[in-house]
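All remarks here apply to the structure that follows.
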Amino acid sequence: MRFLFKTDYEDDIRLFPHSGYIVSYGVLLALLVIAPFVLSSYIVSQLVFVCIYATVGVGLMILTGFTGQASLGHAAFLAIGAYTAAYLQQFNVPFPVYFLAAGLLTGVVGALVGFPALRLQGIYLVIATISFAFIVEEILARWESVTHGNEGMRVKTMTLFGSAVPRDGPVFYFLCLSVLTLTIVGTLNLLRSPTGRAFVAIRDSETAARSMGINVSLYKVKSFAISAAITGFAGVLFAHKLSFISPEMFTLQLSIEFIIVILIGGTFSLHGAVLGAIFLVMIDPFLTYLKDDVPGIIAGVAATFGAGKATADSIQSNAAAFASANGLKGAIYGIIIVLFVLFEPLGLYGRWLKIKLFFQLFPLYKRATFKRQKIYVKSERNR
């Protein structure tokens, strides 16, 4: 078991608390670097989506997890970044330029959304961000001269330094991995800065933050802008990965999936954004397995226990109909969210922390170590 004795403030804000973190992240990065050369193209494609969704999750984590501002409109920010890239491509703008332009434009829009939301909290802020998402979706469908309306837009293959970068190639994978890595490192440094500490102070108590001289309105707008800009960067990669974008791809369901990323992964940790993205990407293969293979397995088990051929066929058809039912994906999302809220509010990363602490303190571990203390401060009523 490792004990860390912090003797000054620099120890408390150090990027890597000890050398073990450097070794662990170094091994993980090495495995990710060799992944496209040893794994199938399908798995590498799924890893690309993990990188894109994790980048969005990190951006949403800044706003929701560290500043305490709820949002169900991040699909709109992703759409703005994607459509900016697709539109500027028509004028042969190089990738680095429209990549930065998409992030900048999305950040400006995020700041503009943040201003009206300054007086809103809780469910009212959620309603405001949902309204913004609907407005953007309607604009994308109606502004046909720019977005081509519901017909959508083709996104040409990315060109980087004069060379084509196919969406299924290792170069595109490394680009997405680099963007995610830089986003995580940048966010970690942001949270160690006065701006990041102001975000956390606002999340914990706006009243206490004001009493310490923090301009709450300014930092809320900053949080919206930074979160939106990161999502805009991810939108560019998202557009290139799919090679086609249309308004119906950026619906409220996509915003809910982004919320699921941070709820399941862990609301207060950047590790949680990555874990939640992995979980989200695994849902679709699971549904495909549930629809294609599980009915046959169930029918085979029924036949093993003596069911006739007609009965087994009926069971298989009923199971296939259930697995193909509309809304099954949303129902699975709902059940998973309820289970995590009830039994593991800290998400997958919180569960990993408990497992790690169990082995560190064994046999002295106490089950109540992570139990929430029901202590309420009177000033919290005025948050």
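The values are calculated or read from the model by the stated rules, or taken from the named source; none is laboratory data. None of these values were measured; they are calculated from a predicted model. Here the Cβ positions follow ideal geometry from the backbone for every residue, glycine too, while neighbour counts run over all protein chains shown. Just so you know, the surface numbers come from the protein's heavy atoms only, side chains and all, with ligands and any DNA or RNA stripped out. Shrake-Rupley method; radii C 1.70, N 1.55, O 1.52, S 1.80 Å.
Just a few scattered comments:
- Using C-alpha pairs under 8 Å with a sequence gap of at least 6, the mean separation divided by the residue count of the stretch 42-251 gives a relative contact order of 46 percent.
- If you plug the beta carbon distance of ALA164 and ILE34 into 1/(1 + (r/R0)^6) with R0 = 30 Å, you get a FRET efficiency near 0.80.
- Highest average first, the peptides 89-97, 243-251 ordered by how many other beta carbon atoms sit within 10 Å of their residues are 243-251, 89-97.
- Candidates LEU118, LEU361, LEU180, ranked by Gaussian network fluctuation over the chain, Cα under 10 Å, top entry: LEU361
- The charge dipole of the chain, taken about its Cα centre with unit charges on the Cβ atoms of Lys, Arg (+1), Asp and Glu (-1) only, comes to about 1320 debye.
- Using the Cβ of GLN89 as centre and a radius below 15 Å, the other residues enclosed give a net charge of +4, where K and R count +1 and D and E count -1.
- For the stretch 42-251, the per residue solvent-accessible surface stands at 42 Å², with DNA, RNA and ligands left out and a 1.4 Å probe.
- Straightening the chain between ARG197 and ASN150 buys 12.6 nm, computed as 0.36 nm per residue apart minus the Cα-Cα spacing.
- The chain, relative contact order [Cα under 8 Å, separation at least 6], %: 26 percent
- Sorting 105-117, 72-84 by their mean Cβ neighbour count within 10 Å, with the most densely packed peptide first, gives 72-84, 105-117.
- Dipole in debye (nearest 20) - the stretch 42-251, about Cα centre, beta carbon charges: Lys, Arg +1; Asp, Glu -1: 500 debye
- Per residue of the chain, the DSSP helices (runs of n ≥ 4 H) give a summed -39500 (n - 2.57) that works out to -23000 deg cm²/dmol at 222 nm.
- Positive-pole candidate from THR84, GLY213, TYR42, dipole of the stretch 42-251, charges at beta carbon: GLY213
- The residue among THR231, THR129, PHE66 whose Cα reaches farthest toward the positive pole of the charge dipole of the stretch 42-251, with charges on the beta-carbon of Lys, Arg, Asp and Glu, is PHE66.
- Peptide packing: for 215-228, 136-149, 301-314, the average count of neighbouring Cβ atoms within 10 Å per residue gives the ranking 215-228, 136-149, 301-314, highest mean first.
- Global geometry of the chain, whether rounded, prolate or oblate, following the gyration tensor of its Cα atoms and the 1.5 cut on a/c: rounded
- Cα gyration tensor shape of the stretch 284-344, rounded if a/c is under 1.5, else prolate or oblate by comparing a/b with b/c: prolate
- Rolling a 1.4 Å probe over the protein heavy atoms of the chain, with every protein chain left in place, gives an accessible area that is 67 percent carbon and sulfur.
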